[in-house]
Amino acid sequence: MISKYLKSGNPRSVRALRNIAGSFVIKGVSIVINLALLPLTINYLSPTKYGVWLTISSMLGWINFFDVGLGHGLRNKLAESIAKNETSRAKTYVSTAYFSIAALVCVLFCIFLLINQFLNWNRLLNIPIEVDENLKSLALILFSMFSIQFILQLINSILLSNQEPAKVSLNSMLSNLLVLVSVALLVRFTKQSLFHVALVFSCFPVAVLAFVNIYYFRNSFKSYAPSFRSFNFSALSDVLSLGVKFFVIQISVLIFFQTSNLLICRFFSPEYVTPYNVAFRYFGIITMVFSIITTPYWSAYTEAFVKQDYAWMRKTVKHLFYIWLVLVLASVCMLFLSGYAYDFWVGNKVKVDIRISIFMMLYTVIISFGNIYILILNGIGQIKLQMLFNVIGMLLFIPLAYYFSQILHWGIEGIILSTIICSLYGPLIAPFEVRRLLNRDRMKR
């Protein structure tokens, strides 16, 4: 029955359903891995050192946002080329993206080498004296690995363009599995070390992505394999015209989410980063489930828009809304069970206040609702208004976080509330944009 369901209906929907089914299996394994990895890493490092690790890795992980939107721009333009069967143009987009990212990484790495020797990481992040690791060397290793990963992860954009998000999830799952095994070996055979954790968490994703790039460009994506002869400045301009808008949105996402760890570290202490991330990952299960369901539709919306299939897009939005309602109920159940879940998951080493859980649940359901509509706008490249609101939110986030957490003394909950307020474009504005867009054919009639 399941096999029949996954083979019947609109071909676009069939592809999406197959990827959703595959992603659920893969993500299910990933959830188990991540649930096991978090307490294992905390026990190996201690809550304070784990908070330091999260803060430094999230800061240096910002490099993933500095692709000037090339990843998302490539995803949309490549999806358009695939929909139109323009193989030569698709190869040009892929080659241009790879070589442009490589050049950008070289510049960023040189800048970091210059800056890192002058940074006092302990003072910058309010890290206690007892954390006596060599943070400069640690930062250099992380940034080096993230830089390589920055280039190699473009393969994920290609897979997404080809409406194969399940394979992207598989890449991530394999990396996490290798990290889990390695951390277990660290616990068994080594003493507490941030340096060892940094090596494990940064090297294995690079190794997996390197293998994946070689495999796909020798097989199914052979016709798209990067070639310097296919590099084209006009194609770069084409990708960047859309990509720069995505880049601005990425920067705002960086401010909203990645900066939260830094703000908690500065306003309170590294120890408080851990309960925030425990709650974030716990309710992140809802975000992950909804992301599994929605991700295949980004490039599917691109194809549908190119072919002006507005009826299919309207039907899909309605189905996603009903799924969101189910996930809201699941979030409420998770809230009531959160105390038991935290105790079972991380034990008594980390205490998560119920107020943090309430605000994190609200954040999850509100943002997920907005993502139903943002997904369409991203897929068709109509993101100008989204970019404008995100810039406003980006400028307001840190002042609001300071006001709520320090002036009103709302603690970590104030930082989460600031994130919600600065992300209201999705749930409040995007639905009206999408409704106007998808009623074009009806208005013509």
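The values are calculated or read from the model by the stated rules, or taken from the named source; none is laboratory data. None of the values given here were measured: they were computed from a predicted structure. When we count neighbours, we look across all protein chains shown, and the Cβ atoms used for this are built from the backbone with ideal geometry, even at glycine.
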inquiry  = Here are the criteria: (1) at pLDDT below 90; (2) part of a helix (DSSP H, G or I). Tell me which single one Leu119 does not satisfy.
reply    = (2)
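Yes/no per residue for (1) surrounded by 14 or more Cβ atoms within 10 Å (Cβ to Cβ); (2) β-branched (Val, Ile, Thr); (3) touching a residue at least 60 places away in the same chain (Cβ under 8 Å); (4) not in a loop (DSSP other than H, G, I, E, B):
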{"position": "Cys333", "(1), (2), (3), (4)": "no, no, no, yes"}
{"position": "Tyr340", "(1), (2), (3), (4)": "no, no, no, yes"}
{"position": "Asn390", "(1), (2), (3), (4)": "yes, no, yes, yes"}
{"position": "Gly393", "(1), (2), (3), (4)": "yes, no, yes, yes"}
{"position": "Leu396", "(1), (2), (3), (4)": "yes, no, no, yes"}
{"position": "Ala430", "(1), (2), (3), (4)": "yes, no, yes, yes"}
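Taking the stretch 178-205 on its own, how many of its residues are assigned to a helix (DSSP H, G or I) and touching a residue at least 24 places away in the same chain (Cβ under 8 Å)? It would help to see each step written out before you state the result.
We begin by selecting, within the stretch 178-205, every residue assigned to a helix (DSSP H, G or I); these are 178-189, 194-205.
The next check asks that each one be touching a residue at least 24 places away in the same chain (Cβ under 8 Å); those that pass are 178-180, 183-184, 186-187, 194-195, 197-199, 201-205.
Adding up the residues that qualify gives 17.
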key: Among (1) in a helix (DSSP H, G or I); (2) modelled with pLDDT under 90, the one test that Val352 misses   = (1)
ask   = Can you tell which of Phe204, Phe246 is among the aromatic types (Phe, Trp, Tyr), under 23 Å from Ala102 (Cβ atoms) and crowded, with 21+ Cβ neighbours inside 10 Å?
value = Phe246
query = From the list Arg229, Arg281, Arg266, which one is assigned to a helix (DSSP H, G or I), at pLDDT below 85 and among the basic types (Lys, Arg)?
reply = Arg266
task = Of the numbered conditions (1) under 20 Å from Ile33 (Cβ atoms); (2) under 15 Å from the mean Cα position of the chain (by Cα); (3) hydrophobic (A, V, I, L, M, F, W, C), Ala279 fails exactly one; give the number of that condition.
result = (2)
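Can you tell me which residue in the stretch 290-301 is farthest from Gly51 (Cα to Cα), limited to those that are touching a Lys or Arg at 6+ places or on another chain (Cβ under 8 Å) and assigned to a helix (DSSP H, G or I)?
First pass over the stretch 290-301, keeping only residues touching a Lys or Arg at 6+ places or on another chain (Cβ under 8 Å): 292, 296, 298-300.
Applying the additional criterion that residues be assigned to a helix (DSSP H, G or I) yields 292, 298-300.
Details: Ile292: 28, Trp298: 34, Ser299: 36, Ala300: 39 Å.
Here the residue is Ala300.
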message = Given the criterion within 22 Å of Ile354 (Cα to Cα) and buried (at least 21 other Cβ atoms within 10 Å of the Cβ), identify the matching residue among Ala279, Ala304.
response = Ala279
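Being surrounded by fewer than 20 Cβ atoms within 10 Å (Cβ to Cβ) and more than 28 Å from Gly28 (Cβ to Cβ) narrows it down to one residue among Tyr322, Tyr310; which is it? Spell out how you get there, then give the answer.
Details: Tyr322 fails: more than 28 Å from Gly28 (Cβ to Cβ).
Being surrounded by fewer than 20 Cβ atoms within 10 Å (Cβ to Cβ) and more than 28 Å from Gly28 (Cβ to Cβ) holds for just one of Tyr322, Tyr310, which is Tyr310.
Determine whether the stretch 367-384 contains at least one residue that is more than 23 Å from Tyr322 (Cα to Cα), touching a residue at least 60 places away in the same chain (Cβ under 8 Å) and more than 19 Å from the chain's Cα centre (by Cα).
Yes, the conditions are met somewhere in the stretch 367-384.
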remark   = Listed by first then second residue, the pairs whose first member lies in the stretch 66-84 and is within 12 Å of Gly381 (Cα to Cα), whose partner is modelled with pLDDT of 80 or more and outside any helix (DSSP H, G or I), with beta carbons under 7 Å and at least 6 positions apart or on separate chains, are Asn76/Gly381
